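Taking it in order: structure first as structure tokens, then the write-up.
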């Protein structure tokens, strides 16, 4: 009953298999299981926006000219007609106004870059707060942080390429940051820019870095990242039937493939919608780069914003000694601070393992509340970061809300040191509270609202046990597992509980209802 | 009866003739004068000044605690300050905000004539302000204006609650007179710094970016640069996609 098409298909498959012996690999791969949880898809957003970046970026390279050669503009945008500019800027204007589909491609590319970085950060938070970075996955955490850093550099290079006023302002700042390196600064800056700023070389150098060197690096790191996920298997939340040694979820084919494929198109759709509806980086309004011009509200893209913020908050300390100027006002916020922050981020898994003495393998994820210190450290870091991010936009905030930029800066300087410890304490208390609420629920059971009177005249409150899919999840630490094992409600009735199997940290699947033997004492009360 | 009717007609005719002659000879005179130029305007302007401005600027225009002397600021400063509603000042904030105009156009011209009469200064430009060189204006705007008013004229913050206002509401005359007079924290751009043609070019460009620019890329996000873009990617981009992950996750 096989059709001709099936015969051809089977024949081709056999032909390939005879030569590559790949059927085993394919079979194993297709039946591989990937755990289901919404938060496991955040990293996928980064992957898919990277694909969008590659596709839209390739289109842009067809028309972009990465050259600082000076030209006189004679294109479609009248307000710039006759203005001298670089070929890079002119070609970006051409892409925006003359190339078919050029503007939407540019905008999709830029939005996708912002999304790429944003999704990396959100994914990183998920991995951090659930402890997914613990042994054996420390290496993959390192690769992830490297991806964050390379993404940052890649984004900055792309931001600089159109050679508009904003690009040039950013490069000017990058040049100054290099100058602030003690002893080497001047030479490093001259080397990279090919001389005194602007040097006439930087666009030509950044172009291959942006379209070949760093994307290649990112692609390699992503491949390695995914191979490690494949090999080490994805982590999962605790739940009925889920152990450190198994993976419960959907098979790669067809369920997971369908989900991931659909998700790719949704990510692409959101990018296309943003690219089509929201204007990003209107380079024609910024104008061509001219070192004598700087616009108000010149800001980096959001992922560099924390460094802009740290620079804005840093007091203007500058030292002159031995005939040299040292600029801690630039060096500390733009190099020392990110150096320390990224080092802490990179080595966090090792630091935590050292401090907790935890050398075990972990395939089950933590609930954030079960690790109050880690969760509190995370929220503390996020608070620190967000204060810096807000500081990066102090002028925009002052302008929109009619506030004094000086007062904002003083307030944020204080907030940078005061808010993180407060965030730490509050988060830790919050986690402990949630843990206690869990314990109480497990020990006490869920109140059914029924009060029963015993023959002796005593009133007793009827409670129902927490169903397995709750209690297993709550039992993520050994002590609490033990506590639950001794719970008086281990065999009690679990009927009245509202079924909420699809929550943030609750595993999916049908509600498991255990039928327990009726209480003997209560039996006596039934007439 | 006929005599009475004809006498009425004669009186009526006479009235019409007198009225007509009066209208023909007398009426145009106050209209041409309407109080905006000449000695009459100066005296009217002085009256308005004494009533509405002298409390701060001084009865003899000597200036005082509330406001500076206006000798030499010229008609152009008066037109800018009063037509944007900045003067009369409501209160002593860090900077006078744009508000509803308190004097009508004739009164503004009278005030301007009075101030012009007491010490000279830049005068309001005559002729069209909409024929400047757009590209030249853009280049000059980016060099001289964008560092405070932002690349798209969306405004920007200065120190201690002072600000360079957004330019969308500014008329061509207001942009021109602002450059001439340097209101608030803005520097003055005399005709030696920016020639009248260059000022016209800037006016043309500012009107273009604030009122004619169609933003081909879509929603302008306030023209505030990368900050709103960052907010959008988190609130809209990441926000929408997390909803999507929850939706897909719920269907697994």
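The values are calculated or read from the model by the stated rules, or taken from the named source; none is laboratory data. All values derive from a computational prediction rather than experimental measurement. Positions of Cβ are generated from backbone atoms using ideal geometry, with glycine treated the same way; all protein chains shown enter the neighbour counts.
Somewhere in segment B:211-226, is a residue assigned to a helix (DSSP H, G or I), at negative phi and within 7 Å of another protein chain (Cβ to nearest Cβ)?
Checked segment B:211-226: at least one residue is assigned to a helix (DSSP H, G or I), at negative phi and within 7 Å of another protein chain (Cβ to nearest Cβ).
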Selection status of residue B:239, modelled with pLDDT under 90 and within 13 Å of chain A (Cβ to nearest Cβ): no
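Matching residues to (1) out of contact with any strand residue (DSSP E or B) (no Cβ under 9 Å at 6 or more places or on another chain); (2) farther than 28 Å from residue A:303 by Cβ; (3) in the same structural domain as residue B:70 (by TED's automatic domain parsing):
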{"residue": "B:149", "(1), (2), (3)": "no, no, no"}
{"residue": "B:162", "(1), (2), (3)": "yes, yes, no"}
{"residue": "B:189", "(1), (2), (3)": "yes, yes, no"}
{"residue": "B:194", "(1), (2), (3)": "yes, yes, no"}
{"residue": "B:199", "(1), (2), (3)": "yes, yes, no"}
{"residue": "B:204", "(1), (2), (3)": "yes, yes, no"}
{"residue": "B:208", "(1), (2), (3)": "yes, yes, no"}
{"residue": "B:212", "(1), (2), (3)": "yes, yes, no"}
{"residue": "B:222", "(1), (2), (3)": "yes, no, no"}
Single condition residue A:347 does not satisfy, out of (1) farther than 29 Å from residue A:400 by Cα; (2) surrounded by 19 or more Cβ atoms within 10 Å (Cβ to Cβ); (3) modelled with pLDDT of 95 or more: (2)
Among residues of segment A:402-411, those that are part of a helix (DSSP H, G or I) and surrounded by fewer than 20 Cβ atoms within 10 Å (Cβ to Cβ), counted: 5
Qualifying residue in segment A:169-180 (condition: within 12 Å of another protein chain (Cβ to nearest Cβ), in a helix (DSSP H, G or I) and within 29 Å of the chain's Cα centre (by Cα)): yes
Residues located in segment B:81-121, provided they are assigned to a helix (DSSP H, G or I) and closer than 22 Å to residue A:399 by Cα: B:81
Filter result for residue A:93 (farther than 24 Å from residue A:225 by Cα, in contact (Cβ under 8 Å) with a residue 24 or more places away in the chain and assigned to a helix (DSSP H, G or I)): yes
Residue that is surrounded by the fewest Cβ atoms within 10 Å (Cβ to Cβ) [pool: residues in segment A:63-90 that are part of a strand (DSSP E or B) and within 14 Å of chain B (Cβ to nearest Cβ)]: A:72
Single match in A:249, A:241 (criterion: out of contact with any helix residue (DSSP H, G or I) (no Cβ under 7 Å at 6 or more places or on another chain) and either surrounded by 17 or more Cβ atoms within 10 Å (Cβ to Cβ) or closer than 30 Å to residue A:57 by Cα (or both)): A:249
Restricting segment B:136-153 to residues that are in contact with a helix residue (DSSP H, G or I) (Cβ under 6 Å, 6 or more places away or on another chain) and within 7 Å of another protein chain (Cβ to nearest Cβ), the residue that is nearest to residue A:392 (Cα to Cα): B:151
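Filter segment A:358-401 down to the residues that are more than 14 Å from every other protein chain (Cβ to nearest Cβ) and not in a helix (DSSP H, G or I) and list them by number.
Of everything in segment A:358-401, those that are more than 14 Å from every other protein chain (Cβ to nearest Cβ) and not in a helix (DSSP H, G or I) turn out to be A:358, A:359, A:360, A:361, A:362, A:363, A:364, A:365, A:366, A:367, A:371.
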Whichever residue in segment A:300-338 is surrounded by 17 or more Cβ atoms within 10 Å (Cβ to Cβ) and over 31 Å from the mean Cα position of the chain (by Cα) and, among such residues, is farthest from the other protein chains (Cβ to nearest Cβ): A:326
Which listed residue is buried (at least 17 other Cβ atoms within 10 Å of the Cβ) and out of contact with any strand residue (DSSP E or B) (no Cβ under 7 Å at 6 or more places or on another chain), from A:198, A:254, A:208: A:198
Test: residue in segment A:51-62 that is within 14 Å of chain B (Cβ to nearest Cβ) and surrounded by 22 or more Cβ atoms within 10 Å (Cβ to Cβ): yes
Test result for residue A:104, within 33 Å of the chain's Cα centre (by Cα), within 14 Å of chain B (Cβ to nearest Cβ) and touching a residue at least 12 places away in the same chain (Cβ under 8 Å): yes
Given (1) surrounded by fewer than 20 Cβ atoms within 10 Å (Cβ to Cβ); (2) touching a helix residue (DSSP H, G or I) at 6+ places or on another chain (Cβ under 6 Å); (3) within 22 Å of residue A:122 (Cα to Cα), index of the condition residue A:379 fails: (1)
Of all residues making up segment A:272-299, the number that are touching a residue at least 12 places away in the same chain (Cβ under 8 Å), surrounded by fewer than 24 Cβ atoms within 10 Å (Cβ to Cβ), in a helix (DSSP H, G or I) and within 8 Å of another protein chain (Cβ to nearest Cβ): 1
Condition met for residue B:178 (in contact (Cβ under 8 Å) with a residue 60 or more places away in the chain, surrounded by 18 or more Cβ atoms within 10 Å (Cβ to Cβ) and assigned to a helix (DSSP H, G or I)): yes
Only one of A:103, A:115 that is touching a helix residue (DSSP H, G or I) at 6+ places or on another chain (Cβ under 6 Å) and farther than 24 Å from residue A:262 by Cβ: A:103
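Determine whether residue B:204 is more than 17 Å from residue A:294 (Cβ to Cβ) and surrounded by fewer than 17 Cβ atoms within 10 Å (Cβ to Cβ).
no
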